[in-house]
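Scroll down for the structure; my scribbles are underneath it.
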Amino acid sequence: MISFDDTRVAFADKTTTELKKAWWLFILVKNPRLVKVGSVLLNIANSIRLPLRWILKTTVFKHFCGGETIEECRDTLDKFSDSGIKAVLDYAAEGVQTEKEFDEARDRILATIELSRTNSNIGFAVFKFTGIARFSLLEKFGNDDTLSQKELDEFERIKRRADDICTNARDAGIPVMIDAEETWIQDAVDEIVENLMEKYNKESHVVYHTLQMYRIDKLYYLKKITEEARIKGYLPAFKLVRGAYMEKERERAQKMSYASPIHPVKNATDGAFNDAVRFCLENIGNIALCVGTHNEITCQLAAEYMAENELEPAHEKIHFSQLMGMSDHISYNLAKAGYNVSKYLPYGPIRLVMPYLIRRAEENTSVAGQTGRELFLIKKELKRRKEEKKKS
Ligand SMILES: Cc1cc2nc3c(=O)[nH]c(=O)nc-3n(C[C@H](O)[C@H](O)[C@H](O)COP(=O)(O)OP(=O)(O)OC[C@H]3O[C@@H](n4cnc5c(N)ncnc54)[C@H](O)[C@@H]3O)c2cc1C
């Protein structure tokens, strides 16, 4: 059993002031009404470009993001490195719309890949398709709608951007994770990512596909792709997550009168996630796995399955990953126990990272139990430090 309770390890790189700030932040995001009103106000402020930079930069942005540029992320990169944790530099700008912005996003991702050549503490590159592609075009493609010649050309440019990222990642010797998004664009994303895995994963696991296990169909999909990969002769790699768009998915399904693609209850999502972890570990000869979760039970189970299958903690094809600002008790204690751990380190201009920040706040509200756990652990560590100070 791994203990996630060692708060000295979990918060080793946090000052007491930072911990107190984090405590207040989690107290605030625990309040659903406040988060709802706050999100609406932030969206309005963002769209009319109110100067909220300073307030955001020193609070919520500082907690969940590394900085506005790669340079500003250096401190966090070094702190992760001191605790044996790799960084996943994530250019988290969202809502970009123009070809120029998509090219710019690709260039930023290429810059993180370039940096990984000289900084061995970058574990993975990462991108999401809505950062390099127009949402409505992905949706249209996924619906099998006929595309005009102009749209077909645009779609080719999207594939080329993704291909450039994967070529550079392969040449730099760093794997690249491709995030999963809303179901109504995910069919298009799945198709492109499957082709990229087939092209780039012949000898090693370069491209990691993300599977959202809150989706009813994804356990079947995992097995199907694994079998297809065997037949086509490539190595499948998966990042497993539960999924971040549950409410949006359910609302849309209800509004448009189709069956929700999401498991009806949390238990079913948990069961699918754990089954998927077990399946990947049993097939680790071919598959590479990244367990992307803040769920202690899942991490505990994954560690148990690894032991059952005689897979050492530092197995090169098995990684655990969490997001910056969340579940440090899991990341730092897993790393201390010798597991491969990475943390997403989002960065980008505050205005463009806002949707990511709002999602994190909403997520921490809806996962009330987990927020309670974060608060409990921060409080425990603050108390421990106070007592230690008294003694010395
Ligand atoms: C490293 C990393 C990478 C990530 N990448 C992505 C990504 O590419 N795409 C993406 O969508 N998300 C991504 N996420 C977010 C992830 O999908 C989850 O939203 C988040 O991690 C919370 O799930 P959990 O497993 O950590 O925690 P838990 O608290 O155990 O699970 C919460 C999750 O369970 C599911 N759930 C909650 N209630 C119900 C219910 N009533 N019925 C059914 N299911 C329910 C939801 O998915 C919810 O987010 C990532 C997370 C991490 C840590």
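Laboratory data are not the source of any read-out in this text; all were calculated from the coordinates shown. Keep in mind that what you see is a predicted model, and the values were worked out from it rather than measured. Reconstructed Cβ throughout: ideal geometry from the backbone, glycine too, with neighbour counts over all protein chains shown.
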note = Farthest towards the positive end of the dipole of region 64-351, among A244, F80, T167 and with Cβ unit charges of +1 on Lys and Arg and -1 on Asp and Glu, lies the Cα of A244
message = Restricting to bridges with both residues inside region 199-342, how much of the DSSP beta-bridge set is antiparallel, in percent to the nearest 5?
response = 5 percent
task = Using the structure shown, select from K202/K343; K20/K386; K199/K239; K150/K224; K159/K232 the pairs with a Cα to Cα distance greater than 24 angstrom.
result = K202/K343; K150/K224
ask   = Rg (Å, one decimal) plus Dmax (Å, integer) for the alpha carbons of region 64-351?
value = 18.3, 54
Relative frequency of Cα-Cα separations exceeding 24 Å in region 66-222, percent = 36 percent
note = For region 195-282, listing chymotrypsin sites (Phe, Trp or Tyr not before Pro) in a DSSP loop whose Cβ sees at most 10 other Cβ atoms within 10 Å gives Y258
key: GluC sites (Glu not before Pro) lying in DSSP loop within region 176-226, provided at most 12 other Cβ fall within 10 Å   = E203
inquiry  = List the trypsin sites (Lys or Arg not before Pro) within region 161-244 that DSSP assigns to loop and that have no more than 15 neighbouring Cβ atoms inside 10 Å.
reply    = K202
query = With the contact rule set at Cα under 8 Å and sequence spacing of 6 or more, what percent relative contact order holds for the chain?
reply = 27 percent
note = Counting only DSSP beta bridges with both partners in the chain, the antiparallel fraction in percent, to the nearest 5, comes to 5 percent
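Out of all Cα-Cα pairs in region 1-110, roughly what percent, to the nearest whole number, are more than 23 Å apart?
Tail of the P(r) past 23 Å holds 46 percent of the pairs.
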